[in-house]
Every structure is written in structure tokens, then in C-alpha cells.
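Q: Here you go, one structure.
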Amino acid sequence: MDRQRMSQWMGYAVFALGMSAFGAACGPTYPNCDNDEQCHEGEFCVNGRCQDCRDDSQCPTGQMCEQNDCVPIPGWCNSDADCPPDQMCQNNRCVARPVVAEVPETTPVPQVCQLQPVYFQFDESALDDAARTALTANQACMTERNIAAVQVTGMCDPRGTEEYNMALGDRRARATRDHLQRLGVRRQAMTTRSVGEEMATGADEYGWSRDRRADLTER
């Protein structure tokens, strides 16, 4: 190759290298881009332009990616302090506070004592310890409620003849009245009667034990 042609070939080579370097130095102008490296820190190249984000994961906590911009998530919160006064933070969202119904204060109603039945053993009109305890409570209740008079009704279970049960019921009513008198209740304030087995409802031993009683009724 002669000297002139060699000189021309080298000139072309230098020109080609220069054009290549010029093209490399003159890439897209911001905010245009070909890749993330051509964007500012924290930005991303999306469709040839530098943007805040591609998706929600590239936004700060409490923000979301909307049209490639990081914007606040509506109603997002980290604590109740981030919410209006009538709302609270639940699962990072401000929600309405539950309405708690106020329970009105009530004045306790005093318990009023009740006259108790007096129970008897089978075929008995004598008072046992449980019966005497019940009558002591009845005398106290009469005083507490200022009960002036009571009727004592003697009852029986359905076993035995009608005549026998009427007499047994009467003995039970009188035994009840007499013990109340010993406890301080005026005899004139008490009347007695017997209904025998007429009001019996029991069908077994337990039910019959509930039938053998004397009831006190205010009058």
C-alpha cells in the first residue's frame, strides 16, 4: 500500500472513532433515559423517562405508586395519632371507632324476703331442725316486711286416706303456728287450715317430699 492510501485509511479510522465517542457522550437528555443509571438517585427509568416508581414497593412506607408517582395512601396510618379524633388505626387504615353504648346506672333493687314453706318428714307433724330454721327465717321476714297476719295451710302427699291426710295437714298447720307463737308472733295474727292431699303434685319420693309441707300466706 502506498503512503497516500495509508494516510487516507488512517483518516477514516480516526473519524469513525470520533463519531463513536461523540455518540456515546451525547446519550438521552434527562429526564429521558435508556436505563435506571441515567436517572437521579431514587428514580427509575420507565418507558424512556425517569420516574418516581414502577410499583408500590419502590415508594416509602405509607405511599403507593400511582401513574409512576409516589403519593400518600388515603387513610393510611401508623398509630391512632395519625387519624381523626373519631377514628382509630387498624391494620394501617383509619377506621371509625366502635360506638360503645352507655349503660345507664341503675339503683340496686333491695331484695325482699319471702315466706318459706315448712317441710315435714313422712307421716310426721313434728318439726325437725330444718323446719325450725325455716320458721325462724319466716318470723324475721314478717317483722322486716311488717306482715300483720298470715294463714298457715297444712298439706300432705297423696298416700293415705283423704280423712287421714286432712287430719295430718291440720296437725302440721297447728305445729307451725305454735312454733311461730313461741318465736314472738301473736297467735291472733295466725289462722290455720288443712287441704290434706288436695294440692299434692308429686309422682315419686322427691315430689312427695315437696307435698309434705305447711305454707305461710300473708293476709
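Q: Which pairs do you get when a residue that is outside the structural domain of residue 179 (by TED's automatic domain parsing), found in segment 143-155, comes within reach of a residue that is assigned to a strand (DSSP E or B), reach meaning Cβ atoms under 8 angstrom, with the pair 6+ apart or on two chains?
A: Matching pairs, first to second residue: none at all.
Q: Right, another one. Kindly indicate which of 94, 113 is farther than 30 Å from residue 142 by Cβ and either outside any helix (DSSP H, G or I) or at pLDDT 80 or above (or both).
A: Working: 113 fails: farther than 30 Å from residue 142 by Cβ.
It is 94.
Q: Restricting to segment 115-127, name every residue that is aromatic (Phe, Trp, Tyr) and out of contact with any strand residue (DSSP E or B) (no Cβ under 6 Å at 6 or more places or on another chain).
A: Residues satisfying the conditions are 120, 122.
Q: Further question: Which is under 42 Å from the mean Cα position of the chain (by Cα) and either surrounded by fewer than 16 Cβ atoms within 10 Å (Cβ to Cβ) or in a helix (DSSP H, G or I) (or both), of 126, 173, 131, 101? First the steps, then the outcome.
A: On the way: 126 fails: under 42 Å from the mean Cα position of the chain (by Cα); 173 fails: under 42 Å from the mean Cα position of the chain (by Cα); 131 fails: under 42 Å from the mean Cα position of the chain (by Cα).
Among 126, 173, 131, 101, only 101 is under 42 Å from the mean Cα position of the chain (by Cα) and either surrounded by fewer than 16 Cβ atoms within 10 Å (Cβ to Cβ) or in a helix (DSSP H, G or I) (or both).
Q: Considering only residues that are surrounded by 15 or more Cβ atoms within 10 Å (Cβ to Cβ), under 51 Å from the mean Cα position of the chain (by Cα) and more than 19 Å from residue 164 (Cβ to Cβ), which ones fall in segment 184-209?
A: Of everything in segment 184-209, just one residue is surrounded by 15 or more Cβ atoms within 10 Å (Cβ to Cβ), under 51 Å from the mean Cα position of the chain (by Cα) and more than 19 Å from residue 164 (Cβ to Cβ), namely 185.
Q: If you don't mind, another one. Checking the condition outside any strand (DSSP E or B), surrounded by 10 or more Cβ atoms within 10 Å (Cβ to Cβ) and modelled with pLDDT under 90, which residue from 23, 11 passes?
A: Details: 23 fails: surrounded by 10 or more Cβ atoms within 10 Å (Cβ to Cβ).
Within the list 23, 11, the selection yields 11.
Q: Starting from segment 194-213, take each residue that is at positive phi and list its partners that are in a loop (DSSP other than H, G, I, E, B) and at pLDDT 95 or above, counting only C-beta distances under 6 angstrom and pairs at least six apart or across chains.
A: Note: pairs meeting the criteria are 196/156.
A quick yes/no check of all residues on (1) β-branched (Val, Ile, Thr); (2) touching a strand residue (DSSP E or B) at 6+ places or on another chain (Cβ under 9 Å):
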{"site": "113", "(1), (2)": "no, no"}
{"site": "129", "(1), (2)": "no, no"}
{"site": "133", "(1), (2)": "yes, no"}
{"site": "147", "(1), (2)": "yes, yes"}
{"site": "172", "(1), (2)": "no, yes"}
{"site": "200", "(1), (2)": "no, yes"}
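Q: Out of all the residues in segment 52-91, which are more than 28 Å from residue 41 (Cα to Cα), modelled with pLDDT of 85 or more, in contact with a strand residue (DSSP E or B) (Cβ under 8 Å, 6 or more places away or on another chain) and assigned to a loop (DSSP other than H, G, I, E, B)?
A: 79, 83, 84, 86
Q: I need every pair where a residue in segment 38-67 that is touching a residue at least 12 places away in the same chain (Cβ under 8 Å) has its Cβ under 6 Å from the Cβ of a residue that is surrounded by 10 or more Cβ atoms within 10 Å (Cβ to Cβ) and basic (Lys, Arg), sequence separation at least 6 or different chains.
A: 44/54; 46/54
Q: Would you pick out the residues in segment 148-168 that are buried (at least 18 other Cβ atoms within 10 Å of the Cβ) and under 19 Å from residue 187 (Cα atoms)?
A: 150, 152, 153, 154
The values are calculated or read from the model by the stated rules, or taken from the named source; none is laboratory data. Values in this document were obtained by computation on a predicted structure and should not be read as measured data. Cβ coordinates were reconstructed from backbone atoms using ideal geometry, including for glycine residues, and neighbour counts include every protein chain displayed.
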